[in-house]
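Engineer: What follows is a structure written as structure tokens; I'll ask about it next.
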Amino acid sequence: MTPRTLAIAHTELLILRRNRWLFMATLIMVLFALALTFAGSAPTGSLGVDMLTVSVASMTTLSVYLAPLVALMMSFDAISGDVDRGSLSLLLSYPPNRGEILLGKFLSHLAALSFAMVIGFGTAGALAAWSGGAGVDSLLALARLIATSILLGAVFIALGYAVSSLAGSSTAAAGMSAALWLVFVVLFDLGLLGAVVMDQGGTFTQSIFPWLMVANPADAFRVWNIAASDAVAITSGMTGAATALPSWAAPVSLLIWPIIGLALARIAFGRVDP
Amino acid sequence: MDSTLIIKSVSKFRGKTQVLQDVDLTVAPGERLALLGHNGAGKSTLIKTILGLTSIGRGSIQICGESPGTSAARQRTAFLPESVSFHPALTGREQLTLFARLSGFPADVQGLLDRVGLSDALDRRIGTYSKGMRQRLGLAQVLLGKPKLALLDEPTSGLDPISRQDLYTIIDELAAQGTAVLIASHALTEVEARTDRIAILRKGIKVADNTLSALSAEADLPTRLRISAHSDKIDQLAQQVGGRRINGASFEITCSADQKMDELRRIAALGDAVVDISMTPPRLEDLYRHYSRKD
């Protein structure tokens, strides 16, 4: 961590605060988390779990979609915006190298995302616990949800930089980010689902499918949160796939992906000829 | 004293087209070099190779003995990109503070912004700045940390005449403190008066590199003499001297620099039929046209 990296991180945070991105991201998280928590609070009695558990299960489903989206919206023009303004060549003529610049931007975007996650899920969790009760297990599940959401966001912040470097302009970067989100969050699952239906319970479904699924960071996020808590698993009705894998598979996938993402971003940024 | 910037037979291809071909160039400390050329002649590419932003196929570049792109070279180099813009959400002070922290030199941000005439706007967002103000902010960051080499790409684009004067005053100060200054420009009349040496690039090849007077002598472009005379005698005079009629009251002759005095004496001897003479020596514009068209 160099002073130059911190200088870039500081300025990027200033920009996120100034153009109200920090506020918007936090507001989105709070509103969606509250809406899901209270709209999805019906099954508490029948399943015999406290309300915070139900809330965490709902918010897990939400976060799969929202964490990558918010992350990509922050990061998609991190490089292409500077290229468009003509300021990237100037930035690169200063002493910091490309790795330091990327790391500085990453730190600030990750901090902003973490803030939005903690406030959003924290508010909804606190309200759920206050109105419907909470236990050690459900509080742990909430903490896990927040931590894994930040990890998932980190993956897509880094992938957003890679897209931003490759796209050449902010408009193209926005389109490519939307495609990236669609592939990881929607199309990948649909493809796997189709394959499982075609396979009709054969070797693919038994041994390959769970690994393929957990290779996608969005699914690894889901599996980790569900497999780690029986109560959340019951509530979400998703147990089969999660139990077919060793318990380390999903955490390892979600912990490795931010590193893969940053490596890809660094390679793509290295190819930018400002 | 050793040159600050030494470029030796640099060539670069972009795809199959050669954008730089065996370019040699040096800039000494305190020297102001104008780099001229058409759009696409390779000026900006040459600057990017000096910054280490793009690789070179052949040749070598040294900035104070360091290779381009190294941390040591970047610390000694200041750069003003062509029509630069900054993040609209930041204020001028915040943007310049970032550059100061990145450069690693303690800087008087307020003083620098005063120096380029932005003291009234330093806490306003860059989004509200005019093009000229953004250019001034870009110039302020050039002055950070007393660079050994300053690379200015079209520094006067978007500036009004007064601002241009200010800009060249600042460039003169930079040169006076020992900075080697390279100015890529289209504004020929400005660099004519404000630089020590002129290099011209044509299609990636350096076609000229010398002082203005040496280039004039080398090109041997004609001086134009315009003679005004009484309208009833003008045809006779024009025939006698061998000039070309321009309108009812004047005609023009051209001569090389060393014949100029002879011609003047000849015209003076014509007596009071001649009302006025104006003399136009070859200007940078003529030289530029001469060198950039030569095949």
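Engineer: Any residue that is free of Cβ contacts under 8 Å to residues at least 40 places away in the same chain, aromatic (Phe, Trp, Tyr) and part of a helix (DSSP H, G or I) - is there at least one of those in region A:154-176?
Structural biologist: No, region A:154-176 contains no residue that is free of Cβ contacts under 8 Å to residues at least 40 places away in the same chain, aromatic (Phe, Trp, Tyr) and part of a helix (DSSP H, G or I).
Engineer: Tell me whether region A:199-215 contains one or more residues that are at pLDDT 85 or above, open to solvent by less than 40 Å² (accessible area, probe 1.4 Å) and within 29 Å of A:VAL56 (Cβ to Cβ).
Structural biologist: Scanning region A:199-215 turns up at least one residue that is at pLDDT 85 or above, open to solvent by less than 40 Å² (accessible area, probe 1.4 Å) and within 29 Å of A:VAL56 (Cβ to Cβ).
Engineer: Okay, moving on. Kindly provide the set of residues from region A:18-30 that are assigned to a helix (DSSP H, G or I), more than 9 Å from every other protein chain (Cβ to nearest Cβ) and open to solvent by 20 Å² or more (accessible area, probe 1.4 Å), ordered by number. Show your work before the answer.
Structural biologist: Step one: of region A:18-30, the residues assigned to a helix (DSSP H, G or I) are A:18, A:21-30.
With the extra rule that they be more than 9 Å from every other protein chain (Cβ to nearest Cβ), the set shrinks to A:21-30.
Correct list: A:TRP21, A:LEU22, A:PHE23, A:MET24, A:LEU27, A:ILE28, A:VAL30.
Engineer: Which of the helices (runs of 4 or more DSSP H) found entirely inside region B:44-148 contain at least 1 residues meeting this: within 17 Å of B:ASP166 (Cα to Cα)?
Structural biologist: Counting at least 1 such residues, we get B:109-115, B:131-142.
Engineer: Right, another one. Suppose we filter region A:67-88 for residues that are within 14 Å of another protein chain (Cβ to nearest Cβ) and buried (at least 24 other Cβ atoms within 10 Å of the Cβ); how many remain?
Structural biologist: Filtering region A:67-88 for residues within 14 Å of another protein chain (Cβ to nearest Cβ) gives A:74, A:77-88.
With buried (at least 24 other Cβ atoms within 10 Å of the Cβ) added as a condition, the list becomes A:74, A:78-80, A:82.
The total comes to 5.
Engineer: Within region A:120-149, count every residue that is of a type in the set (A, V, I, L, M) and under 21 Å from the mean Cα position of the chain (by Cα).
Structural biologist: 9
Engineer: Could you give me the residue pairs with C-beta distances under 8 Å whose first residue belongs to region A:67-88 and is part of a loop (DSSP other than H, G, I, E, B), whose second residue is polar (S, T, N, Q) and open to solvent by less than 20 Å² (accessible area, probe 1.4 Å) wherever it lies, and which are 6+ apart or on separate chains?
Structural biologist: That search, which allows pairs on different chains as well, returns A:PHE76/A:SER164; A:PHE76/A:SER177; A:ASP77/A:SER164; A:ALA78/A:SER164; A:ILE79/A:SER164; A:ILE79/A:SER165.
Engineer: Hey, among the residues in region B:77-127 that are more than 13 Å from every other protein chain (Cβ to nearest Cβ) and either touching a residue at least 60 places away in the same chain (Cβ under 8 Å) or among the polar types (S, T, N, Q) (or both), which one's nearest to B:ALA180 (Cα to Cα)?
Structural biologist: Selected residue: B:GLN110.
Engineer: Hey, among the residues in region B:181-201 that are open to solvent by 10 Å² or more (accessible area, probe 1.4 Å) and outside any loop (DSSP other than H, G, I, E, B), which one's farthest from B:ILE162 (Cα to Cα)?
Structural biologist: Among those that are open to solvent by 10 Å² or more (accessible area, probe 1.4 Å) and outside any loop (DSSP other than H, G, I, E, B), it is B:ARG197.
The values are calculated or read from the model by the stated rules, or taken from the named source; none is laboratory data. Here the structure is a predicted model, which is why all the values come from computation and not from measurement. Don't worry about glycine lacking a Cβ; one is built from the backbone with ideal geometry, like all the others, and counts go over all protein chains shown. Accessible surface is based on the protein model in full, side chains and every heavy atom, while ligands, DNA and RNA are left aside. Shrake-Rupley method; radii C 1.70, N 1.55, O 1.52, S 1.80 Å.
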